[in-house]
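The values are calculated or read from the model by the stated rules, or taken from the named source; none is laboratory data. Note that this is a predicted model, so its numbers are computed, not measured. FYI the Cβ positions are ideal-geometry reconstructions off the backbone, even for glycines, and counts take in every protein chain you see.
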Amino acid sequence: MNIGLFFGTFNPVHLGHIKIISNILQQKLFDQIWIILSPRSPHKKYNLIDKNDRYHMLEIAFANYKKVIVSDVEFSLNEPNYTAITLDYLKKKYSKNNFSIIMGSDSYLTVGSWLRAKDVFKNKIYVYPRKDYIIKKIEGDTTILDLDEMEISSTLIRNKFKKEVKDVVQYLNHDVFKYINRKNLY
């Protein structure tokens, strides 16, 4: 099976993430997309809400997507979570599958500083454009996806929650928004 891996802290998951996944599914690049929730990324220095809340929001956001699997595989791995280590684990446990990585151009520009970056670049990588993050040099087996630039970010949403909750509605799945408000997460 051909699996696309979409890693992230998803703090919170938003309509930009959903749009990316929807667009990639339409291109029929993968049999499934696994959304890998990272409890703690070594590159994120802000406070994260509980991983179980983030996981539940992902389940809500992708409940109607048959080819999307929300994964807590990194919950059982040491923190912080490193892509190379997770890939090792997945390739060993699911050796019959072919894994590729899906990431934004903002992340792609930093891969060179990641733990075992050379091992990460040994994988097929699909990159979606992010506003103001232009890739000038492609490494390894990388494909730049022909998608609209994603301008929404979880940081933008967290900052808007601090100011005016009604400003946030346009960026979130309705049920995710209700979950956040009910639990007063941000």
Exactly one of (1) surrounded by fewer than 22 Cβ atoms within 10 Å (Cβ to Cβ); (2) more than 25 Å from His174 (Cβ to Cβ) is unmet by Leu5. Its number? (1)
Determine if segment 60-83 includes at least one residue that is among the aromatic types (Phe, Trp, Tyr) and modelled with pLDDT under 95. no
Mind counting the residues in segment 13-28 that are in a loop (DSSP other than H, G, I, E, B) and in contact with a helix residue (DSSP H, G or I) (Cβ under 8 Å, 6 or more places away or on another chain)? 2
Collect the residues in segment 41-79 that are surrounded by 15 or more Cβ atoms within 10 Å (Cβ to Cβ) and either small (Gly, Ala, Ser) or under 21 Å from Thr110 (Cα atoms) (or both), keeping them in residue-number order. Ser41, Lys44, Leu48, Ala61, Ser71, Glu74
Residue tally, condition over 18 Å from Gly16 (Cβ atoms) and not in a loop (DSSP other than H, G, I, E, B), over segment 29-48: 2
Those residues of segment 54-105 that are free of Cβ contacts under 8 Å to residues at least 40 places away in the same chain, over 14 Å from Asn123 (Cβ atoms), not in a loop (DSSP other than H, G, I, E, B) and not β-branched (Val, Ile, Thr) come to a total of 9
Collect the residues in segment 15-36 that are without any contact (Cβ under 8 Å) to a residue 60 or more places away in the chain and either more than 14 Å from Leu147 (Cβ to Cβ) or basic (Lys, Arg) (or both), keeping them in residue-number order. Lys28, Asp31, Gln32, Trp34, Ile35, Ile36
The conditions are (1) touching a Leu at 6+ places or on another chain (Cβ under 6 Å); (2) over 21 Å from Leu37 (Cα atoms), and Phe99 fails exactly one of them. Which is it? (2)
State which residue is modelled with the highest pLDDT when the search covers only segment 117-167 and only residues that are among the charged types (D, E, K, R) and in a strand (DSSP E or B). Lys124
Inside segment 168-186, can you point out the residues that are surrounded by 15 or more Cβ atoms within 10 Å (Cβ to Cβ), in a helix (DSSP H, G or I) and aliphatic (A, V, I, L, M)? Val176, Ile180
